[in-house]
Amino acid sequence: MIAIPKCKIRKCINFNGIVQPDGTELTERVVCDAYPAGIPNDIAYGDDLHLQVRDDQNNDIVFEEE
């Protein structure tokens, strides 16, 4: 199991949880509406609060508190 992402701790309404596409921890990743394929580590575990749209997104979803 991976560490608890800051997105969950900050209670972002767009956070969708941790998924395991093949059912194992090897493919485990954290996902949200902004990053359905996996939240970048600098957002999930780093200091980026994701308050602005980033170039690596295909949408305009940012952090929103519950």
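The values are calculated or read from the model by the stated rules, or taken from the named source; none is laboratory data. These numbers were taken from a predicted model, which means no experiment stands behind them. FYI the Cβ positions are ideal-geometry reconstructions off the backbone, even for glycines, and counts take in every protein chain you see.
Take region 1-27 and flag every residue that is polar (S, T, N, Q) and surrounded by 12 or more Cβ atoms within 10 Å (Cβ to Cβ).
Filtering region 1-27 for residues polar (S, T, N, Q) gives 14, 16, 20, 24, 27.
Residues satisfying the conditions are ASN14, ASN16, GLN20.
Here region 9-37 is the region considered, the condition is being of a type in the set (Val, Ile, Thr) and touching a residue at least 24 places away in the same chain (Cβ under 8 Å), and the residue that is nearest to HIS50 (Cα to Cα) is ILE13.
Report yes if some residue within region 3-11 is at pLDDT 95 or above, on the phi > 0 side of the Ramachandran plot, of a type outside the set (A, V, I, L, M) and in contact with an Asp or Glu (Cβ under 7 Å, 6 or more places away or on another chain); otherwise report no. Yes, region 3-11 contains at least one residue that is at pLDDT 95 or above, on the phi > 0 side of the Ramachandran plot, of a type outside the set (A, V, I, L, M) and in contact with an Asp or Glu (Cβ under 7 Å, 6 or more places away or on another chain).
Would you be able to tell me the number of residues in region 18-35 that are more than 16 Å from PHE63 (Cβ to Cβ) and not basic (Lys, Arg)?
First, pick out the residues of region 18-35 that are more than 16 Å from PHE63 (Cβ to Cβ): 18-29.
Retained after the next criterion (residues that are not basic (Lys, Arg)): 18-28.
Within region 18-35, residues that are more than 16 Å from PHE63 (Cβ to Cβ) and not basic (Lys, Arg) number 11.
Give all pairs with beta carbons closer than 6 Å in which a residue from region 47-61 that is surrounded by fewer than 10 Cβ atoms within 10 Å (Cβ to Cβ) and at pLDDT 95 or above meets a residue that is of a type outside the set (Ser, Thr, Tyr) and part of a loop (DSSP other than H, G, I, E, B); count only pairs at least 6 apart in sequence or on separate chains. Filtered contacts from region 47-61: LEU51/VAL62; LEU51/PHE63; ASP60/VAL53. So, in region 1-42, of the ones that are in contact with a helix residue (DSSP H, G or I) (Cβ under 7 Å, 6 or more places away or on another chain) and part of a helix (DSSP H, G or I), which residue ends up nearest to GLU64 (Cα to Cα)? Out of the qualifying residues, it is CYS7. Checking region 14-28 against the condition returns a match, with at least one residue being among the small types (Gly, Ala, Ser) and out of contact with any strand residue (DSSP E or B) (no Cβ under 9 Å at 6 or more places or on another chain).
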